[in-house]
Number of protein chains: 2
Amino acid sequence: MSVIFDASFSRFGKRVEGIIDLSAESALPLVRKYGKDIDFIIVSNSYSGEYNGISGINNLVSTRLSLDSIPSVRVDNTSGSGGSAILMAHSMIEAGVAQNILVIGAEKMTSYPTRKSTSIIASLLHPEERAAGLSLPSLAAFMTKAYLQEFGAPRESVARIAVKNHHNGSLNPYAHFQSEVSLDEVMNSRIIADPLRIYEFCPVSDGSVSIMMTSEENASSMSGNYVEILGTGAASGTSSISARQSLTSIESVKRASELAFRRSGVKPSYVDVAELHDMAAILEIVESEDAGFFRKGHGWEAVMNGETEITGSLPINASGGLNSKGHPIGASGVAQAAEIFLQITGGAGRRQVKDARIGFSLSMAGFGNNATAVVYGGAS
Amino acid sequence: MSVIFDASFSRFGKRVEGIIDLSAESALPLVRKYGKDIDFIIVSNSYSGEYNGISGINNLVSTRLSLDSIPSVRVDNTSGSGGSAILMAHSMIEAGVAQNILVIGAEKMTSYPTRKSTSIIASLLHPEERAAGLSLPSLAAFMTKAYLQEFGAPRESVARIAVKNHHNGSLNPYAHFQSEVSLDEVMNSRIIADPLRIYEFCPVSDGSVSIMMTSEENASSMSGNYVEILGTGAASGTSSISARQSLTSIESVKRASELAFRRSGVKPSYVDVAELHDMAAILEIVESEDAGFFRKGHGWEAVMNGETEITGSLPINASGGLNSKGHPIGASGVAQAAEIFLQITGGAGRRQVKDARIGFSLSMAGFGNNATAVVYGGAS
């Protein structure tokens with residue numbers, strides 16, 4: 001069994017620092033505490049070549065951390081990189097290949113204008129669909145229209161995700177956005193991909209998050225709290241959106257979640273706190289159904305009823321989610337795990353979910369091309 | 001214990017195909033044989049963003065292979081990506097996170113002129129050294145001068161690596177270069193970074209190689225031959241070349257090799273066939289010493305004596321090495337493992353090393369920023 005025993009954050013947002021300094025910002029506090037014990041570094045990062053003009057980021061970061069002698073690797077799975085990095089760290093620990101792994105998720109994206117950014121990220125789409133002009137925002141718009149029509153959900157249910165997550169972000173000192181928005185503000189904001197408006201998309205952000213992982217055996221001999229990885233699940237769906245059976249369900253999310261729940265012996269109803277991949281607001285609703293928390297077509301009701309608020313029965317994206325916290329691509333999946341660590345160990349401050357014991361995170365690549373689900377529990 | 005139970009190659013060279021089709025070329029024969037059993041795909045690739053303008057290569061490749069539903073990830077460690085990918089696959093299998101992993105190493109590099117290519121790859125250097133105009137070829141030139149001076153080695157000993165490896169490549173139907181070169185031709189070829197000449201560097205190549213890995217338990221129930229991963233070692237040195245103690249030894253190679261030998265219980269003297277990272281000819285000599293095959297400063301003698309030829313006591317780079325086979329960055333480390341698989345299972349054709357039972361590979365990132373060593377053995 002692998003565990004997470006510490007986490008460290010940089011502020012997400014438009015940052016002046018470069019990718020290496022940003023990576024170091026969240027990693028250094030952990031290096032100061034555990035430096036001599038760290039025996040492997042995994043850097044979760046997707047676009048350091050395209051955005052920052054560097055390669056071998058893992059080696060440059062370890063040099064920056066004065067951990068030159070520690071082996072490292074970069075793990076990339078676009079927006080789902082963080083989940084994949086945790087899966088790899090978990091595997092290395094379970095296999096005994098490494099004992100104490102520093103996982104750093106980092107991305108520096110604001111150096112380019114949003115239009116260029118969207119184009120770079122669209123390079124993960126199926127070539128034919130990319131050539132047809134599709135982008136991730138336009139896919140989210142299709143999904144929204146299909147969902148509202150198929151399940152008779154009110155338009156506001158999607159906007160309420162943005163309201164909830166901006167509220168949560170206002171309680172998170174590391175979030176990109178630190179202020180609330182009203183339903184009116186969301187509904188009257190600029191249209192990005194009809195019907196979705198700007199507040200319903202995550203911003204383009206810079207930032208990094210780092211966590212420490214080890215075996216439960218090691219962790220139990222330490223003094224601090226830790227959170228166990230009870231189960232993981234990775235699954236993929238087709239990169240071709242037009243080849244999918246449904247526009248209102250994501251196959252990779254369903255299968256990754258089922259696998260993680262089966263392996264952990266935990267049922268979705270046991271989960272106290274979840275972090276989902278809300279790159280666009282509609283995704284939080286669809287994923288909350290595909291992960292098994294609500295019946296298909298009923299996730300929107302949970303939003304309207306306040307069930308997914310911090311004070312609700314299943315708080316989703318208490319961190320603010322990608323929507324408000326920001327989405328530095330390689331950092332997001334690691335940030336989810338870091339948030340669950342804080343929630344289960346009682347360190348989430350003003351956004352603390354009461355009695356959080358079982359956590360769940362869903363890190364997703366592209367528009368559901370690939371997903372990694374993790375079930376967490378058992379803080380000691 | 002994890003094992004390699006099959007391997008498949010594309011021809012390396014200047015290829016017209018794009019990165020996705022190139023990846024599929026080596027992977028499809030394995031997908032046809034094992035498709036239904038594959039439960040994870042690792043793509044070893046460094047520069048698909050920079051060279052090919054795509055991201056999420058792992059998802060695009062799995063869609064191309066009609067393995068959409070199989071989870072995947074990209075592993076990057078620049079030139080050492082292949083070694084890292086094998087380390088990750090090994091960990092996932094040992095941890096029971098995956099059972100049958102398809103590891104695809106691929107890179108498409110010839111779309112840009114060599115000068116631009118060298119500049120992209122120099123983006124892995126320490127920023128200050130990169131700013132000072134250093135590149136991988138110039139570092140290899142420094143190392144060559146230092147080695148020749150420190151150990152009184154003749155200039156020809158370095159050139160002989162190119163002669164040997166081009167001979168070996170002429171026996172490898174998948175090698176970029178398929179013809180021999182004479183010592184005179186090497187010594188009179190164009191200077192790239194004084195004193196090193198063009199034949200002493202690997203070419204810029206496109207290509208892919210795929211291998212299948214599983215647990216020994218699974219493999220023993222199959223009909224075919226397989227090769228065990230007896231031990232792995234990963235280690236790093238500083239990215240800053242000027243901060244290194246020696247220019248004629250690579251710390252990461254020493255420590256990675258020691259670790260792999262210790263974990264496997266194998267001594268360097270037991271090794272029958274080795275694949276080293278000869279991006280520049282001098283590196284083969286330096287690594288052959290750092291890996292423990294020859295005493296420091298004596299590797300050049302082994303070359304002069306023919307000990308590292310296919311018919312010698314320790315054949316090195318029977319495949320032709322990066323020098324002649326080519327160096328599609330993400331593919332090279334996987335190609336090393338594939339070569340060792342062929343050698344130990346007796347499938348290496350005209351370049352077959354007699355009675356090869358124990359193998360060794362050394363996959364290196366940058367100019368020794370990071371290295372992964374693997375010890376192989378026990379074909380059944």
Out of the stretch A:24-41, which residues are assigned to a helix (DSSP H, G or I) and either within 12 Å of chain B (Cβ to nearest Cβ) or among the β-branched types (Val, Ile, Thr) (or both)? A:31
So if I check each of B:310, B:316, B:340, B:344, which one is away from chain A (no Cβ under 14 Å) and touching a Leu at 6+ places or on another chain (Cβ under 7 Å)? B:316
Could you look through the stretch B:164-180, keep only residues that are among the hydrophobic types (A, V, I, L, M, F, W, C) and crowded, with 20+ Cβ neighbours inside 10 Å, and pick out the one that is nearest to the chain's Cα centre (by Cα)? B:175
Among the residues of the stretch A:355-375, is there at least one that is basic (Lys, Arg) and touching a His at 6+ places or on another chain (Cβ under 7 Å)? no
Quick check: is even one residue across the stretch B:210-227 farther than 19 Å from residue B:100 by Cβ and more than 11 Å from chain A (Cβ to nearest Cβ)? no
Kindly indicate whether residue B:118 is surrounded by 20 or more Cβ atoms within 10 Å (Cβ to Cβ), within 13 Å of chain A (Cβ to nearest Cβ) and within 30 Å of residue B:157 (Cα to Cα). no
Just a yes or no: is a residue in the stretch B:315-325 more than 26 Å from residue B:78 (Cβ to Cβ) and either under 17 Å from the mean Cα position of the chain (by Cα) or charged (D, E, K, R) (or both)? yes
Is at least one residue of the stretch B:4-23 under 24 Å from residue A:45 (Cα atoms), within 9 Å of chain A (Cβ to nearest Cβ), of a type outside the set (Lys, Arg) and under 21 Å from the mean Cα position of the chain (by Cα)? yes
Of everything in the stretch B:51-100, what is among the acidic types (Asp, Glu) and either within 13 Å of residue A:370 (Cα to Cα) or more than 9 Å from chain A (Cβ to nearest Cβ) (or both)? Give them in sequence order. B:68
Criterion (more than 26 Å from residue B:149 (Cα to Cα) and more than 10 Å from the chain's Cα centre (by Cα)) met by exactly one of B:294, B:367, B:360: B:360
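Tell me the residue from B:200, B:275, B:251, B:228 that is in contact (Cβ under 8 Å) with a residue 60 or more places away in the chain, more than 30 Å from residue B:347 (Cβ to Cβ) and in contact with a strand residue (DSSP E or B) (Cβ under 8 Å, 6 or more places away or on another chain), please.
Only one candidate passes the filter, namely B:251.
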Filter result for residue A:368 (surrounded by fewer than 24 Cβ atoms within 10 Å (Cβ to Cβ) and part of a loop (DSSP other than H, G, I, E, B)): no
Part of a loop (DSSP other than H, G, I, E, B), surrounded by fewer than 20 Cβ atoms within 10 Å (Cβ to Cβ) and either more than 9 Å from every other protein chain (Cβ to nearest Cβ) or on the phi < 0 side of the Ramachandran plot (or both) - does that describe any residue in the stretch B:42-50? no
For residue B:149, indicate whether it is free of Cβ contacts under 8 Å to residues at least 12 places away in the same chain, not hydroxyl-bearing (Ser, Thr, Tyr) and not in a loop (DSSP other than H, G, I, E, B). yes
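Could you please let me know if residue A:363 is in contact (Cβ under 8 Å) with a residue 40 or more places away in the chain, within 14 Å of another protein chain (Cβ to nearest Cβ) and hydroxyl-bearing (Ser, Thr, Tyr)?
Criteria met by residue A:363.
Bear in mind that the values in this text are calculations on the coordinates, not laboratory data. Predicted model, so just to flag it, every value in this text is computed and none were measured. Reconstructed Cβ throughout: ideal geometry from the backbone, glycine too, with neighbour counts over all protein chains shown.
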